[in-house]
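Asks: Sharing a structure below in structure tokens format, with a few things to ask.
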Amino acid sequence: MKLKKLGLFVVVLFSMLSGFASGHEAPPANAPKEVKQRYVDEVKEHHLHDDHSFTIMPGVSIPLPVILFDDGVQFFMSSNFKEVKDKHGHVHTIAESGGNYYTIHHGHMYKCNEHGHVEYDKEGHAVGKVLDFSITKNVVIILLMSVFLFFFFKKMAQRYGQSAVPQKSASFFEPIIVFIRDDIAIPNIGKNYEKYMGYLLTVFFFVWFLNLAGLTPFGVSVTNNIAVTASLAILTFLITNLTANKHYWGHIFWMPGVPKPMRIVLAPIELLGIFIKPFSLMIRLFANMTAGHIVIMSILGLMYTANSIGVAAGPSALLTFVLSLLELLVAALQAYIFTMLSALYFGSANEEPHH
């Protein structure tokens, strides 16, 4: 048992340090503090932002497909991006496809010239933005996680066909599934809970496993991408409003039990609340996961820039380890909150008539 606990400690510590160093070659120990701080900032940006290549370790990355819609479909691998210098000595990263040149400018794909220069309008806004449907590292993780969850739970269901007694991983996940049904779906939705169970279970395990993926040595944090959390929130929004009954809409536009003059005042507020609810879902998941990663990365960066064994092996290391364990709890907690609030919204969409 002690050996297992020691192994868990080593794995978690390795995940923290490897995730910090992923994709970037660290400056030497005697480098100026400004250089080290610049390195720390680059690592933070790499960890929090999406990318067109999948970094396994420093110096080793897998190029991903770049798919653009500009004068037809432009398809090439991210390894086609090369660094070029303009006449002023500035370095730009560009790729050529179909006689056109493209560069990544502030996280978006733009058309540029052969020197990497992007055109600007009179107001100083960049022009030449193209439709980008590239397979980024976040997309790869989402696809891999979707396939993994599908086959994992399919295999678990097949085992139940052989024996009613939960075996192996099923003994761990069955109580979680029962908890989502008995303590989230039924109390908040009511008698119509069954038609929402598929989505609630899917979104819980999907968010939970994506959160855990952000704590791996690869440092791919998908749920701190607001586009991902917005997509999940939009799904909840659509399911809520497309399955809502007439009593739900009646409560919004002509609230029962309220004086008629007040109904006119409350109707716009209730209508606005339809859009505020999914917006809060999106921001809550995005902000909490992003904040946790920034805190851990900042402490790891402090350990590196301090260049002191006392700081690295003392309070900073202990605090980083504790916060990493806390992040494991937050990963499950945020999945639970997202699922709970979705169930609340589904319950309001299936409310009974007021008497």
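The values are calculated or read from the model by the stated rules, or taken from the named source; none is laboratory data. Remember, predicted model here, so these are calculated numbers, not experimental data. Glycine gets a Cβ as well: all are built from the backbone with ideal geometry, and neighbour counts include every protein chain shown.
Asks: If we only count strands (runs of 3 or more DSSP E) wholly inside region 30-85, which ones have 1 or more residues that are within 21 Å of the chain's Cα centre (by Cα), surrounded by 14 or more Cβ atoms within 10 Å (Cβ to Cβ) and modelled with pLDDT under 75?
Replies: 53-57
Asks: Is there any pair with a first residue in region 169-196 that is over 27 Å from N245 (Cβ atoms) and a second that is assigned to a helix (DSSP H, G or I) and of a type outside the set (K, R) whose Cβ atoms are under 6 Å apart and which are 6 or more apart or on different chains, and what are they?
Replies: Pairs found: A170/M156.
Asks: Applying the selection to region 232-261, what residues are more than 20 Å from T202 (Cα to Cα) and without any contact (Cβ under 8 Å) to a residue 24 or more places away in the chain?
Replies: The answer is K246, W249, G250, I252, F253, W254, M255, V258, P259, K260, P261.
Asks: Now for a different question. Restricting attention to region 86-112, and to residues there that are among the small types (G, A, S) and farther than 18 Å from P63 by Cα, which single residue is farthest from the chain's Cα centre (by Cα)?
Replies: G89
Asks: Something else about it: Taking into account only those residues within region 122-176 that are in contact with a Phe, Trp or Tyr (Cβ under 6 Å, 6 or more places away or on another chain) and not in a helix (DSSP H, G or I), which is nearest to T216 (Cα to Cα)?
Replies: Looking at residues that are in contact with a Phe, Trp or Tyr (Cβ under 6 Å, 6 or more places away or on another chain) and not in a helix (DSSP H, G or I), I get L131.
Asks: Something else: Applying the selection to region 91-108, what residues are under 21 Å from H125 (Cα atoms), touching a residue at least 24 places away in the same chain (Cβ under 8 Å) and either polar (S, T, N, Q) or surrounded by 11 or more Cβ atoms within 10 Å (Cβ to Cβ) (or both)?
Replies: Of everything in region 91-108, those that are under 21 Å from H125 (Cα atoms), touching a residue at least 24 places away in the same chain (Cβ under 8 Å) and either polar (S, T, N, Q) or surrounded by 11 or more Cβ atoms within 10 Å (Cβ to Cβ) (or both) turn out to be H92, N100, Y102, I104, H108.
Asks: Please state which one of L333, L271, L329 is in contact with a helix residue (DSSP H, G or I) (Cβ under 9 Å, 6 or more places away or on another chain), under 26 Å from I177 (Cα atoms) and at pLDDT 80 or above.
Replies: Just one listed residue meets the conditions, L333.
Asks: Of all residues in region 231-247, which are assigned to a helix (DSSP H, G or I) and surrounded by fewer than 17 Cβ atoms within 10 Å (Cβ to Cβ)?
Replies: Hits for region 231-247 are S231, I234, L235, L238, N241, L242, K246, H247.
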